[in-house]
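The values are calculated or read from the model by the stated rules, or taken from the named source; none is laboratory data. Values in this document were obtained by computation on a predicted structure and should not be read as measured data. In this analysis, Cβ positions are derived from the backbone assuming ideal geometry, glycine residues included, and neighbour counts consider all displayed protein chains. Calculation scope for accessible area: heavy atoms of the full protein, side chains included, ligands and nucleic acids excluded. Shrake-Rupley method; radii C 1.70, N 1.55, O 1.52, S 1.80 Å.
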Amino acid sequence: MVLFTIFFTFGIWLLQQMASLPDFIWAWLLAAFPFTLAIKPRSARTFHLLLIAIFSCGSGFYYAAWQAEQRLSVSLPTQWQGRDIDVIGVIAELPHPGEHGQRFNFTVEKSLTAGLSMPRHIYLSSFADLRNPPPVVHAGERWQLTLRLKQPHGTSNPYGDDFERWALENNIRAIGYINNQGNNLRLSRLAEGYTYRIEAWREAIRDKITATLGSAPYAGIITALTIGDQDSISQAQWRLFRRTGVIHLMIISGLHITMQAGMAFALVYWLWRRSYRLTLCLPAKKAAAIAAVLVAYSYTLLAGYGVPAQRTVYMLSAVAAALWFNRYFSRSQILSLAVLCVLVADPWAVISPGFYLSFGAVALILYTTTHRIGRWQDNSAAQEKRPLRLKLIRILQEYSTVQWTMSIGLMPLLLALFWQIPLVSPISNAFAIPLVSLLVVPLSLLGVLLPTEVPLWLAHWLLECVMIPLHYLNNLPLAVWIQHAPTPWSILTGILGVLWLLTPCGFPVRYFGGLLILPMFLNAPEPPDSGTLKMTIFDVGQGLSVAIQTQRHVLLYDTGPDYSGESDSGNRILVPTLHAMGINSLDGLILSHDDIDHTGGTDSVLQEMPVAWLSSSQPLTTVKTYTGKLRYCRDGINWNWDGVSFEFLHPGKDSFTPGVKLHNNDLSCVLRISIGNQHILLTGDIEKRAEKRLLKLHTAQLAASLLIAPHHGSSSSSDVDFVAAVLPDYVVFTSGYRNRFGHPKAIVRQRYQDSGAILLRSDFDGAILAWMNAQGLTITRYRQVHHRYWTHMPAPD
């Protein structure tokens, strides 16, 4: 089973790396081929193992392909994007409150719009406007709604999250929002179906916690630990947990489920053994196993049935089944069975971080705690005779072994997935695990099940006690190690190195494993050569952010939009990507002007990265946390980094003439970057008035190889004379997919096409990666080069 699971998993992983799905006519022929070979009698063992590997790998590959084919066959028709659609359906999951409305999964039961075949599962948002408040929905309700939908489409950046993969994995085949002016009517309070009842129950629990704890600082964590609602945790708290390595404790993880199931097992076993009649009907261990599985499954349903929770339930179920049927399964077989169950239910789990962290952690514990010479014997007689002092020593030894294993063994995975290692994690987990898993979680569950509020307040008080040392650890200078994304080969050698380090004492050259770990840390990306520039124009939706990297310096121009009160392009896109690129500080930050789609991620960037200086054209109301060197961008200011010249062309002193008030957009910082005869022009949101000034004062300096189009391609910019003066080889429109402004406008696109420029769009092409030196310019469209079979590739307008 172990060998089959390994190659079955590899086959699924291989499918998820493909740019297109395979042809199923050939697929089934290839899948049947191993069957014809396997019937040969008396084959060698190696030959049989090879057949098993081929068959299991092919089975995983084509099973995942079949599942993907089924999901992709259902989609919102392109011609119905952005049009009013009337449907009847059910609020399928717990709604998440946002800054301006709600977000929730919606199951379509019937389309009221003639001629439209609707996807069954869609993801909706509601937004408040001045005249029409959005409908307030609750889990399990049936509604008639007027919607405006589009096909799933997310930002596409190096090292970034993949929203389209998430949508496919969760079977979300359209996203959109409720039209507040439509015919929105609640039809019933609770639809039929046990899943809807569970979701309604989860919402009732969240409401009880909110009503009890109110605005208490850690009420959201209690909610997350009880019903798995991770949106209840603030970004500041997530940052604290990430830096101290306790994220797995503040969500419903396999550890919490195992703890609660273990306590249920111990309680039922202790009570059942004291009844003569009950033990005659059913052995106490079998009764306790049933109780443990029921508690684990109930808690998992309450948690939303995520991958770590599934893994734990499957493993506990396998152990309970072995106990019930008096069969022995090795721990590796139980782990393999859990992997198979997860991947059969969700083939896309193999490319999610939680899959590797959850199964990797269990595998490491098994690797370091089983079949080791000198371990305590676990038979019941020995346990009964052992003194309490020795029992406590054994518990501490096992606990320290697990902590050491997790700290060392998960390093390659943490660097591969998140490019950072919380160095204080062993300390924080040492006191947080017993407090949270054994006290906070049980008290939280008791608080929502019992009529009294005391357990919830006690759980919150214990969380406060946990947070005090966590804040202290977070403030230490070396709380977390942050670095570049390691190369795949260094991750493989790192995994081999930690396995070597964790071998038993006496293993030959045991500490040689440390040398195998070093490449993950030392193999940093090569910076550009002197006189060469690397530019990343991020795909941030409707907004702008550009990173410019020379040999020894990094400049960030704008920081993209603020998506909501807790999420912005800084913490979602810029900071993770810059860290993965090996950039941990900025030599300069330019905010072109004070608009939220250009400065929305600034606070997140400043919080995570040192910035030598910050420049803008005017005082900034959206930046509150910067206390370093400030300077204004003004026409004529220039500098040179590593053979690359930078110069501001706008605004000038004449742009601030008393009595003449320019529009905020026309005060954008215009930056010209030059290497020899190659030039790049960054224009922010300037409009025609600023363009006329540039034409008047800097006509000879406007020619550019690459232009970031002014104001995202708005019709208020890119005048004919300006386009003719710049005459770019490439023009980049940074706009959101199907944005409400209609950027870039067709008339503007036509002007650049007529000038001979190649048009690039962040909503179609994803991030634009550019390399420039004195010889020329090289462009890469990230969405096209790195797309997978699920990647949405919209056709140009």
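Computed from phi, the 3J(HN,Hα) profile of the range 536-552 under the Karplus parametrisation 6.51, -1.76, 1.60 (θ = phi - 60°) reads 10, 8, 6, 8, 10, x, 7, x, 8, 7, 9, 9, 10, 10, 9, 4, 10 Hz, with x in place of Gly and Pro. Only helical runs count toward this figure. For the chain, summing -39,500 (n - 2.57) over DSSP H runs of n ≥ 4 and dividing by all residues gives -13500 deg cm²/dmol at 222 nm. Solvent-accessible surface of protein heavy atoms, probed at 1.4 angstrom with all chains present, puts Ile252, Ile54 in the order Ile54, Ile252, largest first. Positive end of the dipole of the chain (Cβ unit charges, origin at the Cα centre): among Ile395, Ser762, Met259, the Cα lying farthest that way belongs to Ile395. Normalised per residue, the accessible area of the chain is 47 Å², obtained with a 1.4 Å probe and no contribution from ligands, DNA or RNA. DSSP beta bridges fully contained in the chain are about 70 percent antiparallel.
For the peptides 420-428, 190-198, the ranking by mean Cβ contacts within 10 Å, running from highest to lowest, is 420-428, 190-198.
For Gly601, the residues whose modelled amide H falls within less than 5 Å of its own, excluding neighbours fewer than 5 places apart on the same chain, are Thr559, Gly560, Ser569, Gly570. Normalised by the number of residues in the range 500-552, the average gap of Cα pairs under 8 Å and 6 or more apart makes the relative contact order 27 percent.
Shape class of the range 463-566 from the alpha-carbon gyration tensor: oblate, with a/c at 1.5 or above and b/c at least as large as a/b. Rounded, prolate or oblate: which fits the range 156-263 when a ≥ b ≥ c are the square roots of the eigenvalues of the alpha-carbon gyration tensor, with rounded for a/c under 1.5 and prolate only if a/b beats b/c? Cα axes put the range 156-263 in the oblate bin. The phi-based Karplus calculation (6.51 cos²θ - 1.76 cosθ + 1.60; θ = phi - 60°) puts the 3J(HN,Hα) values of the range 176-189 at x, 9, 7, 7, 5, 8, x, 8, 9, 9, 7, 9, 7, 7 Hz, whole numbers, x for Gly and Pro. Applying a length cut-off of 27 Å (Cα extent along the axis) and a mean Kyte-Doolittle floor of 0.5 to the DSSP H helices of the chain leaves 284-303, 454-474. Under a 5 Å amide H cut-off, with hydrogens placed 1.01 Å from N, Trp641 pairs with Phe646 among residues at least 5 apart or on other chains.
Based on C-alpha pairs under 8 angstrom that are at least 6 apart in sequence, the chain has a relative contact order of 9 percent.
Phi angles across the range 782-789 convert, under the Karplus curve 6.51 cos²θ - 1.76 cosθ + 1.60 with θ = phi - 60°, into 3J(HN,Hα) values of 4, 5, 6, 6, 10, 7, 10, 4 Hz, Gly and Pro given as x. Return the carbon/sulfur percentage of the accessible area of the chain, one whole number, probe 1.4 Å, all protein chains in place. The computed percentage sits at 61. Pull out a ≥ b ≥ c, the square roots of the eigenvalues of the alpha-carbon gyration tensor of the chain, then state rounded if a/c is under 1.5, prolate if not and a/b is larger than b/c, and oblate in the remaining case. Taking the square roots of the gyration eigenvalues as a ≥ b ≥ c, the chain is prolate. Loop-located trypsin sites (Lys or Arg not before Pro) across the range 722-765 with a Cβ neighbour count of 10 or fewer within 10 Å are Arg740, with loop assigned by DSSP. Here the spin labels are modelled as points 7 Å beyond Cα on the Cα-Cβ line, and at Gln701 and Ser111 they lie 5.5 nm apart.
Of the trypsin sites (Lys or Arg not before Pro) found in the range 227-303, those in coil by DSSP whose Cβ has at most 11 other Cβ atoms within 10 Å are Arg274.
Distances between placed amide hydrogens fall under 5 Å for Gly98 paired with Arg103, all partners being 5 or more residues away or on another chain.
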